[in-house]
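The values are calculated or read from the model by the stated rules, or taken from the named source; none is laboratory data. Bear in mind that the values here come from a model prediction, so they are computed numbers and not experimental data. Note that we place each Cβ from the backbone using ideal geometry, even for glycine, and neighbour counts take in every protein chain shown. Ligands, DNA and RNA are stripped out before the accessible areas are found, and what is left, the full protein with its side chains, is counted by its heavy atoms. Shrake-Rupley method; radii C 1.70, N 1.55, O 1.52, S 1.80 Å.
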Amino acid sequence: MSVESLISRWVREPIQKLKAYYVPDASGMIKLEAMENPYSFPQELQSEWLGVLSEISLNRYPDPQAVSLRKKMVDVMDVPEGASLLLGNGSDELIQLLMLALGGEGRSVLAPTPSFVMYEMAAIFTGTDFIGVPLKGDFSLDLDKMLESISQHRPAIVFLAYPNNPTGNLFSRSDVEAVIKAAPGVVVIDEAYHAFARSSFIKDVVKAENLLVMRTLSKWGLAGLRVGLLAASTKWIDELDKVRLPYNINALSQASASFALAHKKLFDQQAGQIIEARGEVMEQLAAMDGVEVFSSDANFILFRVANASDLYSRLCEAGILIKNLDAHGTPLENCLRVTIGAKEENEQFLHQFCRLME
Ligand SMILES: Cc1ncc(COP(=O)(O)O)c(C=O)c1O
């Protein structure tokens, strides 16, 4: 039997229909498409950090429970008493792990659309139905539709990205609270962009039994480490920990993340710089004719122009890679998303953008 026939006979149909997550090649370009933090490990910490790494015994498996790292994270991330943390190889892995535990055949997960694509992808991986509830035109939650859909489908999980990706906005707190109250299953508030938002539900995980809050170190300048965290009451964490693969956080990541958390102030300063730059880029975009800019509490800005796909290609030709979200007949028609980079990168982007808009 050929590989093609084996695939068509044995790979589950929804997986055959999937396209692998595409990451464009950004070599030689100014890379503003992936919501990465432009700042690397602070220079003044480099040699101390390398010293920490040199102590690691790579012949040994890492601590399977990442005890020391989790302890530090509990303090730094304001995890309330009575709650614990589950760590994932990025929050992507936590999303998949939640689906493994709560999803599957005959179950559904619900999220507003557009939102982070991995919610739907992980649902497909695990044979879980995905229910998308469109956001309103201004990208706020359509609370009536959300409540109606929750009552109709009774999803095992509701995902709310707070702030939302790709739109950048924070949903209204009272809308989120209404969803938490109405959901029969769990509500996962995905606070991936928390460092730029200054609004959080993490303290509430011990108040609402069905509330779980997810964060990541990726947007805080450590995307290469692949460390995400889920905060919830200890009973939830103990239950979900059963489907986590042992040693999912490698030794280099555990040590580097612990080291970084001990220097939280420096990373927070970098986040502060990004917030400031976001204001400047937003102001300049908003001042241009033909650009509709959406407000952002994240490290990226969504905006709409007359011919997004064409502009996107021309920006690529000019060496600037942003994200093209343009899809005809959808709420993101003619929308582009730019990540806030370092000062020179933002200037280059604005310079080329202005030139192409003329
Ligand atoms: C809302 C949201 N959640 C989670 C993630 C994934 O983060 P991680 O790098 O921790 O897997 C992203 C990545 O862009 C995101 O936008």
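Taking the range 182-195 as the search range and keeping residues that are within 12 Å of the ligand (Cβ to nearest atom) and outside any loop (DSSP other than H, G, I, E, B), which one is nearest to residue 118 (Cα to Cα)? Checked the range 182-195; the qualifying residue nearest to residue 118 (Cα to Cα) is 190. Of the residues making up the range 63-79, those that are in a loop (DSSP other than H, G, I, E, B), touching a strand residue (DSSP E or B) at 6+ places or on another chain (Cβ under 8 Å) and under 16 Å from residue 191 (Cα atoms) are 77, 79. Checked against the criterion of being at pLDDT 95 or above, within 20 Å of residue 167 (Cβ to Cβ) and not in a helix (DSSP H, G or I), the candidates 285, 311, 302 yield just one match: 302.
For every residue, the table says whether it meets (1) away from the ligand (no atom under 15 Å from the Cβ); (2) in a loop (DSSP other than H, G, I, E, B); (3) open to solvent by less than 70 Å² (accessible area, probe 1.4 Å); (4) without any contact (Cβ under 8 Å) to a residue 60 or more places away in the chain.
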{"residue": "81", "(1), (2), (3), (4)": "yes, yes, no, no"}
{"residue": "92", "(1), (2), (3), (4)": "no, no, yes, no"}
{"residue": "104", "(1), (2), (3), (4)": "yes, yes, yes, yes"}
{"residue": "109", "(1), (2), (3), (4)": "no, no, yes, yes"}
{"residue": "119", "(1), (2), (3), (4)": "no, no, yes, yes"}
{"residue": "130", "(1), (2), (3), (4)": "yes, no, yes, yes"}
{"residue": "137", "(1), (2), (3), (4)": "yes, yes, no, no"}
{"residue": "145", "(1), (2), (3), (4)": "yes, no, no, yes"}
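Within the range 9-59, the set of residues being among the β-branched types (Val, Ile, Thr) and not in a helix (DSSP H, G or I) comprises 11, 23, 30, 56. If the condition is being over 16 Å from residue 223 (Cα atoms) and not in a helix (DSSP H, G or I), then the range 236-282 contributes 244, 245, 246, 247, 262, 263.
If you filter the range 225-254 down to residues that are closer than 22 Å to residue 104 by Cβ and among the β-branched types (Val, Ile, Thr), you find that the one that is least open to solvent (accessible area, probe 1.4 Å) is 237.
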